[in-house]
Amino acid sequence: MDRQEFEQMTPEKLLDKITELNKRLFKMNQRSPMYNQMRAIIAEAQTVYQEGLQMARFEAQNEERDEVINIGDIESEVYTPDYGNTTVLDTMVKAYTGGNKDASNS
């Protein structure tokens, strides 16, 4: 069996196949060259199964992130002051002179 065959299986069939391969492995002699090959096949099947679980978990998390909670609407009023030609200048002069407009004349 190869990885493509494992990837085409459903998770339930893949688990059944892993169980079947483990039963075959337990019947084998550990000194047999097939023993290590069987362990590698089982490891590959388990890797494919874990990847499938991780993909399902990732997709479930993405579905949760796509949902937006509407907590209400915000109403606001924009106020723009009317700055005349000298209003800003007068305010700056008051700030620097301590409120005395004619401080330079003193």
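All of the numbers you see were taken from the coordinates with simple rules; none came from a lab. Everything quoted here is computed from the prediction, not taken from an experiment. For neighbour counting, all protein chains shown are included, and Cβ atoms are generated from backbone atoms with ideal geometry for every residue, glycine included.
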*For VAL93 and ASN62 in the same chain, what is the full-extension length gain: residue separation times 0.36 nm, less their Cα-Cα distance, in nm?*
5.4 nm
*When the chain is fully extended, how far beyond the present Cα-Cα distance does GLU51 get from THR19, taking 0.36 nm per residue of separation?*
9.8 nm
*Structure-derived log10 I(q)/I(0) by the Debye sum over Cα atoms at q = 0.15, 0.16, 0.19 Å⁻¹: which label, when the choices are (i) -0.63, -0.68, -0.84; (ii) -0.68, -0.75, -0.99; (iii) -0.81, -0.85, -1.00*: (iii)
*Using a basic spin-label model with each label point 7 Å from the Cα along Cα→Cβ, how many nm lie between ILE71 and MET28?*
5.8 nm
